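Student: To start, I am sharing the structure in question, which I have written as structure tokens.
The values are calculated or read from the model by the stated rules, or taken from the named source; none is laboratory data. These numbers come from a predicted model, not from an experiment. Backbone-built Cβ (ideal geometry, glycine too); neighbour counts: all protein chains shown.
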Amino acid sequence: MIDPILVCPFDKKLLDKLKRRKVVIHTNDLNVLPHILKEVNKSIDLHALKIQTEKPLSTIVFEEKWATLPMVIYSTDFGEFKDLMPQLGKIRKSNVRIFLSPHREHNFTGLRILSSLQISCGINFNGDPLNWSLMNDLMHYAIYGRAPHAPVEPFDWLVSHYHPADYTDYDFVYFNNPAKYLHINEKEQIALTETDLLNGNLIDEGIGSLDNIEENRKYNDSLNFRYEIMLRMNECAFCSAFRICLAKFSSLPNKKDTCKVFFSDFLDAADYYYSIKNSKGKHLWQL
Amino acid sequence: MANILLTEKCVRSCPYCFAKKHMEGSAVSGLSWDNLIYIADFLEISGHRKVSLLGGEPTLHPQFVEFTYYLVERNFHVNVFTSGILSNDKLHESQQFLSGLPREKLSFTCNMNHPDLSTKDESEKIHKFLSVFGNLTTLGFNIYQTVFDFEFLIQTVNQYNLERHIRIGLAHPIPGEVNTYIPAEKVKMMVRKFVSFFDLFDRFKISPGFDCGMPMCVFTDEELGKMLKLNKGNLNFKCGPAIDIGPDMKVWSCFPLSNIHKRSLYEFNSMQEIDSFYRELHNKIRSEIGGLFEECDNCSHRFNDVCRGGCIAHALNRFNNEAPVRQKDIYP
């Protein structure tokens, strides 16, 4: 039986019904954290707490008592390092990953600052048009950087889960992969991704339907979505990096200067990392 | 220890400034965050845990406080070379974020000029700086003429309860440029003056430590013995690559040699590679001219690596007025 982790809002009624399931709670409101903390100690099997905020990261006041919460913070802006300085100790003690938007250039520098200070972080790489050159620089730093640094997602996740003979979907990092995560709202509507849920693109309704999710046609189709892309025979189907991008940028008009360059380099990095990880070193002849 | 130049702007215009040549040729305003992270990574993988922040005046960099704090957070020991002339805002900001750091993580070398060379406003700023950061500060002084005084430095050490050490630098020539420095023929005269302060240093328990480029033979054995005691066994008559890294990621051996074989940091994989590169350059120059004096060519102390024969810039300066007949690598 498939037992997906459910991504849901902080709604007590809904959470009461999800008691025996692992959940990712998402919220836009930092003020509800004390309530979530209380519930976590009582009844919720919390996989992660996803906080989305428009506030710059540097203005978030981290509290010692959050240290036990497995958190992921999505912020639009790194903010000022000076404001972050007094908080670095608390952030490092927290069980947190920090994701920043790719739409502000200085966020890329901010991520390198965080990573080099041993704070796990990532870029919110979710389908929008991007500055591919900055993405490539960040990917190179994350994978090839020789100085010790904290993981930068989705690069670290992808290279550590990559297999050259398989497809690897980095959307796991954003809780957007139906093989592990499903999204549910207060109305118990179920969708494959956060965007699908917001757009009303549902696969089922009612918590009870989760028990037989493996029989759901839409769910099964989503797991094999890549076959459909390949059958479309478009540029993505012939791209060598398809194995790791899974046509997430198929709507981009000029792929050879954008996603193709980046994902080809990313694939090289994944292959490199895989070869290092699996190299068994020099074999001495055996007696 | 690598020296990182945060900015090439300065608040002073010292007559002996040996960074002048480098500053004039620079178009870059200040080090960027991305370059700082690259340099910190580079030093870390090279096994270097100490770093000096220089300028110009490093505190003029808009992110001076953030950069310093960042390096400290990355477990580097940071030493800041400053004039101590900070705006009130910068001093306040520095006090807020840096004054609580322990000396094992952050220190300052405050380079003092004789009060006659500073305006009243500058002197007041320096004293404010020392009031805040005295516990983290060592004084520095550059000798650039044969007449000089240490009394104002000793008084400052006492007044602010500073570390009982003064870092003494010698003003060096900038090959091909005009600056004020002690020429080879006046080094002995300068040393006589310096030796005359030994009793004062001893009475106030202050150690006068040399930076680089001082020859050993200008001191008598008795004077060397006294200096060894004053400096608790540490004496330095060396001259070698210091390794300066500019805001534009250029590297060079040291300021006096900043117009010779300036390279990009990206050409090297580690500090060891950079050090070897410039050490070889030093050796080539030394093979042409041993040191400050003719006797340096055959000096056993030089061969035993006890003394390097003074600053290499003096040697290079002597090549300026001759035909370029030496090894081509030693020319700019």
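Student: Taking region A:65-88, which residues are within 14 Å of another protein chain (Cβ to nearest Cβ), within 30 Å of residue A:44 (Cβ to Cβ) and surrounded by fewer than 18 Cβ atoms within 10 Å (Cβ to Cβ)?
Tutor: A:87
Student: Based on what the data block shows, is residue A:38 farther than 19 Å from residue A:197 by Cα and at pLDDT below 90?
Tutor: It is true that residue A:38 is farther than 19 Å from residue A:197 by Cα and at pLDDT below 90.
Student: Same structure, new question: Got a sec? Which of A:119, A:113, A:91 is within 14 Å of chain B (Cβ to nearest Cβ), crowded, with 19+ Cβ neighbours inside 10 Å, β-branched (Val, Ile, Thr) and assigned to a loop (DSSP other than H, G, I, E, B)?
Tutor: Criteria check complete, one pass: A:119.
Student: Could you check how many residues of region A:214-241 are without any contact (Cβ under 8 Å) to a residue 40 or more places away in the chain, of a type in the set (Lys, Arg) and surrounded by 13 or more Cβ atoms within 10 Å (Cβ to Cβ)?
Tutor: Number of matching residues: 1.
Student: Here's something else I'd like to know. Can you tell me which residue within region B:1-27, out of those that are modelled with pLDDT under 70 and among the charged types (D, E, K, R), is farthest from residue B:50 (Cα to Cα)?
Tutor: Looking at residues that are modelled with pLDDT under 70 and among the charged types (D, E, K, R), I get B:24.
Student: Would you check which residues across region B:104-128 are of a type in the set (Lys, Arg), surrounded by fewer than 20 Cβ atoms within 10 Å (Cβ to Cβ) and part of a helix (DSSP H, G or I) and list them? Steps first, answer last, please.
Tutor: Within region B:104-128, the first condition is being of a type in the set (Lys, Arg), and the residues that meet it are B:105, B:120, B:125, B:128.
When the remaining residues are screened for being surrounded by fewer than 20 Cβ atoms within 10 Å (Cβ to Cβ), the result is B:105, B:120, B:128.
Of everything in region B:104-128, those that are of a type in the set (Lys, Arg), surrounded by fewer than 20 Cβ atoms within 10 Å (Cβ to Cβ) and part of a helix (DSSP H, G or I) turn out to be B:120, B:128.
Student: From the list A:171, A:211, A:166, pick out the single residue that is in a loop (DSSP other than H, G, I, E, B), more than 14 Å from every other protein chain (Cβ to nearest Cβ) and in contact (Cβ under 8 Å) with a residue 60 or more places away in the chain. Before the answer, list the steps.
Tutor: Details: A:171 fails: in a loop (DSSP other than H, G, I, E, B); A:211 fails: in a loop (DSSP other than H, G, I, E, B).
Among A:171, A:211, A:166, only A:166 is in a loop (DSSP other than H, G, I, E, B), more than 14 Å from every other protein chain (Cβ to nearest Cβ) and in contact (Cβ under 8 Å) with a residue 60 or more places away in the chain.
Student: State yes or no: is residue A:151 touching a Ser or Thr at 6+ places or on another chain (Cβ under 8 Å), within 24 Å of residue B:71 (Cα to Cα) and in contact (Cβ under 8 Å) with a residue 12 or more places away in the chain?
Tutor: yes
Student: Which condition breaks for residue A:105 when tested against (1) under 27 Å from residue B:98 (Cβ atoms); (2) modelled with pLDDT under 95; (3) within 14 Å of chain B (Cβ to nearest Cβ)?
Tutor: (1)
Student: Taking region B:47-95, which residues are more than 14 Å from chain A (Cβ to nearest Cβ) and over 15 Å from the mean Cα position of the chain (by Cα)?
Tutor: The answer is B:59, B:60, B:77, B:84, B:85, B:86, B:87, B:88, B:91.
Student: Sticking with this structure for a sec: Would region A:44-52 turn up any residue that is in contact with a Cys (Cβ under 7 Å, 6 or more places away or on another chain) and under 30 Å from residue A:252 (Cα atoms)? Full working, then the answer.
Tutor: Initial filter on region A:44-52 (in contact with a Cys (Cβ under 7 Å, 6 or more places away or on another chain)): none.
The answer is no; no qualifying residue exists.
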